[in-house]
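Single-structure report; data block below.
Only the coordinates and a few stated rules stand behind these numbers; no lab work does. Because the structure is predicted, anything quoted here is derived from the model rather than measured. We place every Cβ from the backbone using ideal geometry, glycine too, and count neighbours over all the protein chains shown.
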Amino acid sequence: MPRTPNRRPAAATGRAARRLQQATAPVAASERLQKALASAGLGSRRDMEVWIAEGRVQVNGETATLGSKVNSRDVVKVSGRRVYLRFEDKRTRILIYHKSEGEIVSRDDPAGRASVFDNLPKLRGAKWIAIGRLDFNTEGLMIFTTSGELANHLMHPRFEVEREYAVRVLGELSEEMIRKLLDGVELDDGLAKLQSLFVAGGEGANRWYRIVIMEGRKREVRRLFEHLGLTVSRLTRIRFGPISLPPQLRRGQKTELDDDQVAQVLQWAGMDPSPRRTARGVPEKSRKPRFR
């Protein structure tokens, strides 16, 4: 009687394959819950600790407590909604981009206008988070990071991070106007003021000024000058916190900070250092960023 040939079971495909991969994948090292939530971009660690203390966070169906740890197989919910945490790549990345006028800071635009996100490199297991926004007619420094905690630290009003702009105004500021801008002007959404203002030259009808503000309200700089009857003809952000726009970086170009530069930014923010980039298990040597 002929023998029946041995047949290997068919390989799983589709959803079954994904479930098999999840079941057999090595479990990532556990991490404190508040840190994992902050890394997902939900807020600072302090905010997450408050949420945990208030009972808003659940892990595997049970209310979490301060000090809880999670890994990639845990189901985490905040206020009843599932939160997907990242455990694959914990290296903080920071990208600098010189935004041009005519670009929007959004991933979705019904009008189909050019977006700053169109020019960013693709990521695996992470996403670029825009730190602050610039309106359609404003150019200059845009910062993107993969760290939700760093983005929150730079953008949240309580940290009072400086934003510096070069402003070209049609007209000239008087001493009284300068005093009003520094003391505060009442706008529709509350009091707004400049932290500093310096004259930066100019000829003819246009004058250049360097200003610093601590907030990021919509069109705040333009509205401040419009309140005094002056029109901003050009506006460029040149610094955000500890990061300045490199003079060699032209409009539409981008550059990624190296590990040493990222470490300096994280230290400035009071955050833990990030794992460094590795190649075949050997840390990559520090290199200067390339403009693209």
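My understanding is that a pair violates if its Cα-Cα distance is over 29 Å; which of 77/254; 122/193; 77/193; 127/193; 35/122 do that in this structure? As for pairs spanning more than 29 Å Cα to Cα, those are 77/254; 122/193; 77/193; 127/193.
Quick one: net charge around residue 46, please, counting Lys, Arg +1 and Asp, Glu -1 for every other residue with C-beta under 12 Å from its C-beta. Summing Lys and Arg as +1 and Asp and Glu as -1 gives 0.
Extension gain for residue 231 to residue 199 (0.36 nm times residue separation, less C-alpha to C-alpha distance): 9.9 nm.
Each of 31, 103 was scored by other Cβ atoms within 10 Å of its Cβ. Arranged with the fewest first, they read 31, 103. What is the sum of charges around residue 189, taking Lys and Arg as +1, Asp and Glu as -1, for the other residues whose C-beta is under 12 Å from the C-beta of residue 189? Here the charged neighbours net out to 0. With each label modelled as a point 7 angstrom along the Cα→C-beta vector, the residue 267-residue 188 pair spans 4.5 nm.
Rounded, prolate or oblate: which fits the stretch 28-83, taking a ≥ b ≥ c as square roots of the Cα gyration tensor eigenvalues, rounded meaning a/c under 1.5, else prolate when a/b beats b/c? It comes out rounded by the Cα gyration axes.
Relative contact order, whole percent, for the stretch 28-83 stands at 36, derived from Cα pairs under 8 Å and 6 or more residues apart.
By the count of other C-beta atoms within 10 Å, a proxy for reagent exposure, 177, 142 are ordered fewest to most as 177, 142. Footprinting exposure proxy ranking of 98, 227, fewest other C-beta atoms within 10 angstrom first, gives 227, 98. Label positions at residue 176 and residue 113, each projected 7 Å from the Cα along the C-beta direction, are separated by 3.6 nm.
Grab the other residues whose beta carbon is less than 15 angstrom from that of residue 106, score K and R as +1, D and E as -1, and report the net. After counting each charged neighbour, the total is +1. The calculated FRET efficiency for residue 73 paired with residue 253, based on their beta-carbon distance and R0 = 30 Å, is about 0.15.
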